[in-house]
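Worksheet: the structure to be examined is printed underneath.
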């Protein structure tokens with residue numbers, strides 16, 4: 001496959017320049033019509049959650065396309081939905097480089113990017129220019145965060161600004177918004193998962209969502225993305241809060257700060273969030289804990305460590321309704337999307 005030939009060249013570059021180069025070339029190929037060759041020839045496998053119809057249950061996780069510049073090109077991989085961001089109200093450079101590290105022996109990455117993005121104005125313009133994915137019924141997710149310079153006590157202001165900015169565009173298409181309170185790379189952000197912080201934040205966002213829904217005549221679903229490093233009791237507490245307040249889905253999980261699975265490997269002690277294969281077991285356990293506790297009260301989107309079709313099917317078997325990937329694409333390439341879709345279809349046929 002083409003990616004098998006390209007990967008050694010990309011892995012010879014530092015991770016962040018390789019990421020930028022790959023996306024830029026993908027966009028050029030899309031403009032020339034070449035990415036059509038990547039489209040999997042598979043039947044739709046629709047899933048209905050959050051009041052939305054997903055053409056298939058395999059999605060792209062936030063982080064790959066932080067600014068919404070590559071939606072149509074990435075859609076050619078065969079995703080049923082694409083989540084873009086994390087976007088913050090104001091543009092920010094993120095943390096100092098180097099801030100991404102490959103751990104090839106573990107099929108893993110560590111990143112401490114720190115919500116580097118071009119800000120809401122650029123993000124909105126990019127979403128407004130997206131045509132093809134929307135026309136094909138692809139579901140778009142907009143992942144919202146806070147600026148690093150915003151004190152944690154003022155975090156609701158940033159999330160509210162993001163919600164107000166993206167809402168008019170999302171209301172016009174199949175879409176949802178994600179509240180990202182689980183990145184380990186913005187100081188104190190994960191504190192927002194505590195009950196005394198989580199409840200008022202979500203109450204403010206849901207109140208604003210009701211106002212915007214009345215204004216635009218459409219209710220945009222809202223998901224919350226959580227960390228894999230929460231204790232099981234905290235997972236159940238967060239789940240109860242989400243159900244009580246009326247959140248539409250939980251995304252499990254973000255990256256982990258646990259290094260037990262990669263101890264001794266080069267770069268293992270670099271600060272940041274670990275993603276890829278070492279995250280698979282814990283992230284899937286989180287899905288399982290949530291599913292057993294929620295008993296269908298809230299849909300779960302499973303993400304973390306998917307590097308094969310069997311991994312995707314395992315997330316669904318644990319209780320997820322949809323899955324997302326990011327690091328797996330770096331190690332396996334775009335063919336992973338079709339592999340996951342096929343395995344999910346086969347798993348359902350066997351059950």
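The values are calculated or read from the model by the stated rules, or taken from the named source; none is laboratory data. Small disclaimer: the values here were computed from a predicted structure and weren't measured. Counting neighbours? That spans all protein chains shown, and the Cβs are built from the backbone with ideal geometry, glycine included.
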- So is residue 322 in contact with a strand residue (DSSP E or B) (Cβ under 8 Å, 6 or more places away or on another chain), under 26 Å from residue 110 (Cβ atoms) and modelled with pLDDT of 95 or more or not? yes
- Item | Residue among 337, 303, 289 that is more than 26 Å from residue 74 (Cβ to Cβ) and touching a helix residue (DSSP H, G or I) at 6+ places or on another chain (Cβ under 9 Å) | 289
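Please indicate, with yes or no, whether at least one residue in the range 225-241 is farther than 18 Å from residue 289 by Cβ and either surrounded by 14 or more Cβ atoms within 10 Å (Cβ to Cβ) or in contact with a strand residue (DSSP E or B) (Cβ under 9 Å, 6 or more places away or on another chain) (or both). Spell out how you get there, then give the answer.
So in the range 225-241, the residues farther than 18 Å from residue 289 by Cβ come out as none.
No, there is no match, as no residue in the range 225-241 is farther than 18 Å from residue 289 by Cβ and either surrounded by 14 or more Cβ atoms within 10 Å (Cβ to Cβ) or in contact with a strand residue (DSSP E or B) (Cβ under 9 Å, 6 or more places away or on another chain) (or both).
Do we have residue 203 as in contact with a helix residue (DSSP H, G or I) (Cβ under 8 Å, 6 or more places away or on another chain) and modelled with pLDDT under 95 here? Full working, then the answer.
Details: in contact with a helix residue (DSSP H, G or I) (Cβ under 8 Å, 6 or more places away or on another chain): yes; modelled with pLDDT under 95: no.
Here the answer is no, as residue 203 does not meet what is asked.
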- What number of residues within the range 220-254 satisfy the criterion of being touching a helix residue (DSSP H, G or I) at 6+ places or on another chain (Cβ under 7 Å) and assigned to a strand (DSSP E or B)? 5
- Query: Only one residue in 68, 63 is in contact (Cβ under 8 Å) with a residue 24 or more places away in the chain, closer than 21 Å to residue 171 by Cβ, touching a strand residue (DSSP E or B) at 6+ places or on another chain (Cβ under 9 Å) and surrounded by 22 or more Cβ atoms within 10 Å (Cβ to Cβ), so which one is that?
  - Reply: 68
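Condition check ((1) out of contact with any helix residue (DSSP H, G or I) (no Cβ under 8 Å at 6 or more places or on another chain); (2) over 25 Å from residue 194 (Cα atoms); (3) surrounded by fewer than 16 Cβ atoms within 10 Å (Cβ to Cβ)) across all residues:
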| position | (1), (2), (3) |
| --- | --- |
| 120 | no, yes, no |
| 125 | yes, yes, yes |
| 130 | no, yes, no |
| 142 | no, no, no |
| 149 | yes, no, yes |
| 158 | yes, no, no |
| 161 | no, no, no |
| 169 | no, yes, no |
| 178 | yes, no, no |
